[in-house]
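The values are calculated or read from the model by the stated rules, or taken from the named source; none is laboratory data. Since the structure is predicted, the reported quantities are computational estimates derived from the model, not experimental observations. Positions of Cβ are generated from backbone atoms using ideal geometry, with glycine treated the same way; all protein chains shown enter the neighbour counts.
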Amino acid sequence: MQHQSIQQRYEKVAVPKLMEMFGYANTLAVPRMTKIVLNVGTGKHVKDKAFTEHAEKILTAITGQKPLTTFAKKAIANFKIRAGQPVGLKVTLRGKRMDDFLEKLINVTLPRIRDFHGLSTKGFDKKGNYTMGFKEHTAFPEITSDDIERLHGLEVTLVMNTQHKQEGEVLLRALNFPLKAT
C-alpha cells in the first residue's frame, strides 16, 4: 500500500468520516487543523542565558523555524518573575510546515518514545484542541547525542477549528494519530 500524506489522508478519510458523523452539509464546514504550537518554558532557568540559547537552537532544529521569545505578562513574586521578563520560547507552524511536522510526529517521533502505548485522550480542551508534553526533547530525530547539553521539556499543541472535544478526537483518529482507545 502506498503511503498517504497528511493532506491526502485528511481529504480522503477524515472529511467523509466527519461529514457522516456530524452531518456537515459542505466540505468547507468540516473541522481541520489550523496550526501547531511548540512551547518551551524556561522555568527555573529564567536568568540562564545559555539555557535559553540552547533551547532556541533545539526548537529551530526540530521545526526549521526560529522561535519567538515569550515574556511574562505580570509579576509573580513567589516565582521571582517580573513583568516583561523572558519566560519561554514558542514556534507556530502553519501550512506545509505544519503538515510536515505532524507527519514526522506521527510516523517518527512518537514511535521513538520508550514504552509508548498511545497518547491519552485527556489532552483535549473543551474546544477540541490537543496538547501533549514531552519530558525530554530527545525523542525528535533531529536531536543527536552531540546536541544534548541539558534536557528540557517541550509542549506541543494541535489547534483545530472544532467546536467540541469529540470533533477533535475523531479528526485526529482519522489522521492516524496514536490515541489510546477510550
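Mind checking which pairs have a first residue in the range 1-28 that is under 16 Å from HIS164 (Cα atoms) and a second that is assigned to a loop (DSSP other than H, G, I, E, B) and at pLDDT below 85, Cβ under 7 Å, 6 or more apart or different chains?
Matching pairs, first to second residue: none at all.
In this structure, is PHE140 under 15 Å from the mean Cα position of the chain (by Cα) and over 18 Å from PRO31 (Cα atoms)?
Spelling it out, PHE140 is indeed under 15 Å from the mean Cα position of the chain (by Cα) and over 18 Å from PRO31 (Cα atoms).
Of the conditions (1) touching a residue at least 40 places away in the same chain (Cβ under 8 Å); (2) part of a helix (DSSP H, G or I); (3) touching a Ser or Thr at 6+ places or on another chain (Cβ under 9 Å), THR138 clears all except one; give me its number.
Condition (1) is where THR138 drops out.
Please determine whether any residue of the range 54-70 is at positive phi, part of a loop (DSSP other than H, G, I, E, B) and of a type outside the set (A, V, I, L, M, F, W, C).
The initial filter retains those residues of the range 54-70 that are at positive phi, namely 64.
Among the residues that remain, those that are also part of a loop (DSSP other than H, G, I, E, B) are: 64.
Imposing the further condition that a residue be of a type outside the set (A, V, I, L, M, F, W, C) reduces the set to 64.
Checked against the condition, which is being at positive phi, part of a loop (DSSP other than H, G, I, E, B) and of a type outside the set (A, V, I, L, M, F, W, C), the range 54-70 yields at least one hit.
Just one of the numbered conditions (1) out of contact with any Gly (no Cβ under 7 Å at 6 or more places or on another chain); (2) assigned to a helix (DSSP H, G or I); (3) among the charged types (D, E, K, R); (4) touching a residue at least 24 places away in the same chain (Cβ under 8 Å) is not true of LYS44; which one?
(4)
Of the conditions (1) closer than 22 Å to LYS66 by Cα; (2) in a loop (DSSP other than H, G, I, E, B), LEU102 fails just one. Which one is it?
It is condition (2) that LEU102 fails.
Can we say ALA181 is touching a residue at least 60 places away in the same chain (Cβ under 8 Å) and among the small types (Gly, Ala, Ser)?
yes
Kindly indicate which of LYS35, LYS49 is in contact (Cβ under 8 Å) with a residue 40 or more places away in the chain, surrounded by fewer than 17 Cβ atoms within 10 Å (Cβ to Cβ) and charged (D, E, K, R).
After ruling out the rest, the residue left standing is LYS35.
Given the criteria surrounded by fewer than 12 Cβ atoms within 10 Å (Cβ to Cβ) and farther than 20 Å from MET132 by Cβ, does LYS57 qualify?
On the way: surrounded by fewer than 12 Cβ atoms within 10 Å (Cβ to Cβ): no; farther than 20 Å from MET132 by Cβ: yes.
No; evaluated as a whole, the condition is false for this residue.
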